[in-house]
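Contents: one structure, followed by commentary.
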Amino acid sequence: MKNVINIFNVLKSVVDSKVSSLNQQVLTADIASAKISQYKNSIKHLQKDIDINMYDRSTVKEDLEYIEQYENLISEHKKEVLQGNFAKRELQSAYKFYDTYRYVVNRPRIKELRRKYNVLESRLSSLEDNMFACEINMDSNQRSESVCEQAERDFAQYEAEYKEVSTRAREILKEIKELER
């Protein structure tokens, strides 16, 4: 199992090194998409201007030149959008890898933590039973004074241990949840 974890750690470092550039490509693609929308909107306005000024050759010529420039820019940005779409698919694969990585690498730790948690839960149950017995033995109408005093001391000891064990159990449960994310 140690070899598998080592392999996954190597793979993770490779994926980590690629994720930031993939995120950058996605960001670039989003910006390019916004620019394409702006350029298309500008082309629409220029075409309306051509329709309005169809008899003014210089205006039509100038508008056609702008349209051609915008179309060239659109085709350049479409490449960025395609690269961004590819990067999004690659990122999805990276995130699936991270899920698998967490499962493979964290599974042994989670299993060990669950075992410890179950031991603590069992101890808590035992302590609850002991505390209940102490409460019964603290009844001065039913028990002697020395038995009641001993039951009070035992109860305080069990209660302190219960607090410690329950705190540790909560910490382990929190760690399990973090590892399962």
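Is one or more of the residues making up region 23-42 part of a helix (DSSP H, G or I), within 29 Å of Lys177 (Cβ to Cβ) and among the aromatic types (Phe, Trp, Tyr)? Looking through region 23-42, none of the residues is part of a helix (DSSP H, G or I), within 29 Å of Lys177 (Cβ to Cβ) and among the aromatic types (Phe, Trp, Tyr).
Being under 29 Å from the mean Cα position of the chain (by Cα) and either of a type in the set (Val, Ile, Thr) or open to solvent by 50 Å² or more (accessible area, probe 1.4 Å) (or both) is a property that does not hold for Asp129.
Restricting attention to region 75-102, the residues being free of Cβ contacts under 8 Å to residues at least 12 places away in the same chain and either in contact with a Pro (Cβ under 8 Å, 6 or more places away or on another chain) or among the acidic types (Asp, Glu) (or both) number 2. Residue count for region 1-37 under the criterion of being loosely packed, with under 11 Cβ neighbours inside 10 Å and of a type in the set (Lys, Arg): the result is 1. Between Gln38, Gln47, Gln25, the distinction of being within 17 Å of Ala87 (Cβ to Cβ) and polar (S, T, N, Q) belongs to Gln25 only. Taken over region 43-74, the residue count meeting the criterion of being among the β-branched types (Val, Ile, Thr) and either touching a residue at least 12 places away in the same chain (Cβ under 8 Å) or not in a helix (DSSP H, G or I) (or both) is 4. Applying the set (1) open to solvent by 50 Å² or more (accessible area, probe 1.4 Å); (2) at pLDDT below 95 to Lys40 leaves exactly one unmet item: (2).
Taking Lys96 as the residue in question, decide whether it is open to solvent by 100 Å² or more (accessible area, probe 1.4 Å) and over 30 Å from Arg109 (Cβ atoms). Answer is no for this residue. Restricting to region 82-92, name every residue that is surrounded by 12 or more Cβ atoms within 10 Å (Cβ to Cβ) and either under 26 Å from the mean Cα position of the chain (by Cα) or closer than 13 Å to Asn23 by Cβ (or both). Hits for region 82-92 are Gln83, Gly84, Asn85, Phe86, Ala87, Lys88, Glu90, Leu91. Between Asp16, Asp30, the distinction of being under 25 Å from the mean Cα position of the chain (by Cα) and free of Cβ contacts under 8 Å to residues at least 40 places away in the same chain belongs to Asp16 only.
The values are calculated or read from the model by the stated rules, or taken from the named source; none is laboratory data. Just so it is clear, the structure is predicted and the values come from calculations on it, not from any experiment. Note that each Cβ is placed from the backbone with ideal geometry, even for glycine, and that neighbours are counted across all protein chains shown. To get the accessible areas, we keep the full protein, side chains included, count just its heavy atoms, and leave off ligands, DNA and RNA. Shrake-Rupley method; radii C 1.70, N 1.55, O 1.52, S 1.80 Å.
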